[in-house]
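Student: I am attaching a structure below and will ask some questions about it afterwards.
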Amino acid sequence: MSIFRPGSTTPSAILYTAWESFTQRLSKADESIRSIRLDLAAAVDECIDAAGQEWEPYWQRRLLNAAKFGRGFLDLCNPTDYVNMGQTLKVLNAVRFYEIGIPLTYS
């Protein structure tokens, strides 16, 4: 996942940083979104895929929130991938819960 690499300048990393800036009410979020406007759809897809690869629900939620934030700036966006990933993660996290304890991954 290049999103969390230090100093990463991939569109998905910039989208995640923009979402963090937005949640902190910083004006930097608008600049970041404008800089990746052409690659925004790919950045949203990468955040959704990264959420599926992540093990911790905390980071899954943050990545999906960043994807949801980016989707708001797209003219046409099919929410199917986002919804399917959310449902898949819900099931995976339930199965991974310590009382069941089956270590399943998305891939």
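The values are calculated or read from the model by the stated rules, or taken from the named source; none is laboratory data. Here the structure is a predicted model, which means the values were calculated and not measured. Glycine also receives a Cβ, built like all others from the backbone with ideal geometry; neighbour counts cover every protein chain displayed. For the accessible areas, the whole protein counts, side chains as well, though only heavy atoms, and no ligand, DNA or RNA atoms are used. Shrake-Rupley method; radii C 1.70, N 1.55, O 1.52, S 1.80 Å.
Student: Closer than 20 Å to Q60 by Cβ, in contact (Cβ under 8 Å) with a residue 12 or more places away in the chain and touching an Asp or Glu at 6+ places or on another chain (Cβ under 7 Å) - does that describe any residue in the stretch 4-21?
Tutor: Within the stretch 4-21, one or more residues are closer than 20 Å to Q60 by Cβ, in contact (Cβ under 8 Å) with a residue 12 or more places away in the chain and touching an Asp or Glu at 6+ places or on another chain (Cβ under 7 Å).
Student: If I ask for residues that are β-branched (V, I, T) and under 18 Å from T105 (Cα atoms), which ones from the stretch 17-68 would you list? Quick ask: steps written out before the conclusion?
Tutor: Narrowing the stretch 17-68 to residues β-branched (V, I, T): 17, 23, 33, 36, 44, 48.
I48 - this is the single residue of the stretch 17-68 that is β-branched (V, I, T) and under 18 Å from T105 (Cα atoms).
Student: Another question about this same structure. Does any residue in the stretch 66-89 that is open to solvent by 70 Å² or more (accessible area, probe 1.4 Å) come within less than 7 Å, Cβ to Cβ, of a residue that is aliphatic (A, V, I, L, M) and in a helix (DSSP H, G or I) six or more places away or on a different chain, and which pairs are these?
Tutor: F73/I33; F73/L40; D81/I48
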